[in-house]
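What follows is a set of notes on a single structure, which appears directly below.
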Amino acid sequence: MEMGALVVTAGGDVTSTAPGSSLWAPAWPVLGQTVLERWIKMVRGLGVGLVSVVDRAEQQSNRVHTMIEWAREGVERILLIVLGSYAEIDLCDLVRFHYEGQHQVTRVFDQEGPLGISLLDRGCVLGHRERAIHEPHSHSSRYDFLGYVIRLSSTVSYRQLVEDALQGRCGIRPTGIQTRERVWIDQTAFVDPSVQIEAPCYIGPRARVRASVRIRGCSSIERDCDIDLGTTLDHTSILPNTYVAPGLYVRESVVDGTKLENLARGVELDLGTAGLLARIGNPQPTTSGRPVQVSPDQELPLSGAEAQQS
Amino acid sequence: MPPSPVTVMQLPDLSDPSAHRSFLREVKKFMDSSRQPRLIVDLSTVGQIAPESIDLLLECVDQAERSDGEVSVAGASRETEVILELTQATSVLNIFPSVLEAANGSQPQVA
């Protein structure tokens, strides 16, 4: 087999808040799809037949074991993606660079440093075993990437990615139908005719946007949300399965269930008991750290997590 | 023309209905006895304002409007500022960083 791809997600429960950061969690969808799903789509686009997603919380030796096993089974090259960024890398060009240069390990850098993406040769994985995988920089070549990159480590960077996507500053295209210029509304969403929408904006599957709601400033509403009467969303993202009470003015914020992070003031609040926000529906279950097998044409779980395609 | 009378009050304990009633009585008395009264509510000891307290502030605004007066809040925490903005209470309240600035009649904060 030509190539395998191992994607390492953020540690622990992918829907939980990342350690040391704000409300941000890696499983947040960006206009309908998580960053993990977008990475896997890119890898699939490369024609990679073997894709495995593992949790960073898993013992590193398990990851190493997977890679060595693949190498033993004849996988020639392994693309290792440690998720920490969204980067629109031309993976074909990366493979060409690696192949033509006859490099054993190629690591991808942007102007700020390494992006956590490495391409490793089979011989390197088998020959150097643990050292090669633990320390891919020890004898690696450098692939400099100058395209669109955003490091996802906080709610602020998440909002930046949403705005960049809605403004067309990166290659992310929202799911759903473009009903007018830079306004994407999923076919299954309900939007009352009185809703005022200022482009660009995104409204995801099964979202309910009630009468007299105003949406502006690159706001996004992910799947299964309910925005109640007369509320205004301004430079705000509403994450899946969130209810927002009537008559509110939500500005420069990201809302996830009962929690709101206001980016302008750097404040995180739980407004569940105040009755202003609520978690509704059944959020998709999270998974443990073990890889899960899925068929090549199977849709990835929306909440991210693990998937293995073979 | 004499300056508008100013009074500074703190929000009552929400769990005490009599304190709540007494607070509103005091506000009404102040508003009724003054022309263009200015009530300043000191929020400096409030960590995160409760929805009931916002209702109380809006009752104060209602009373003030009958006397051509105004209500300001001062010393709100960042959490309280977010909630005041979220509930759109900032559209009827003047927001000041401190009681002193509110009393001096400085320009209110932009919500």
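Overall, the anisotropy analysis places the range A:155-279 in the oblate class: the square-rooted eigenvalues a ≥ b ≥ c of its C-alpha gyration tensor yield a/c not less than 1.5, with a/b not exceeding b/c. Taking a ≥ b ≥ c as the square roots of the eigenvalues of the Cα gyration tensor of chain B, is the shape rounded (a/c under 1.5), prolate (a/b larger than b/c) or oblate? In terms of gyration-tensor shape, oblate. With the Cα gyration tensor of the protein assembly as shown giving a ≥ b ≥ c as the square roots of its eigenvalues, does the rule (a/c under 1.5 for rounded; else a/b larger than b/c for prolate; else oblate) give rounded, prolate or oblate? Prolate.
Peptides A:111-121, A:178-188, A:222-232, A:26-36 ranked from most to least packed give A:26-36, A:222-232, A:111-121, A:178-188, packing being the mean of other C-beta atoms within 10 angstrom over each peptide's residues.
Treating r as the C-beta distance of residue A:69 and residue B:44 and R0 as 60 Å, the FRET efficiency rounds to 0.45. Rounded to the nearest 500, the 222 nm mean residue ellipticity of chain B from helices alone is -12500 deg cm²/dmol, with -39,500 (n - 2.57) taken per DSSP H run of at least 4 residues.
When both bridge partners sit in the protein assembly as shown, DSSP labels roughly 35% of those beta bridges antiparallel.
Every read-out reported here was derived from the displayed coordinates using simple, explicitly stated rules and does not represent laboratory data. From a predicted model like this one, the values you see are computed outputs, not experimental measurements. Positions of Cβ are generated from backbone atoms using ideal geometry, with glycine treated the same way; all protein chains shown enter the neighbour counts.
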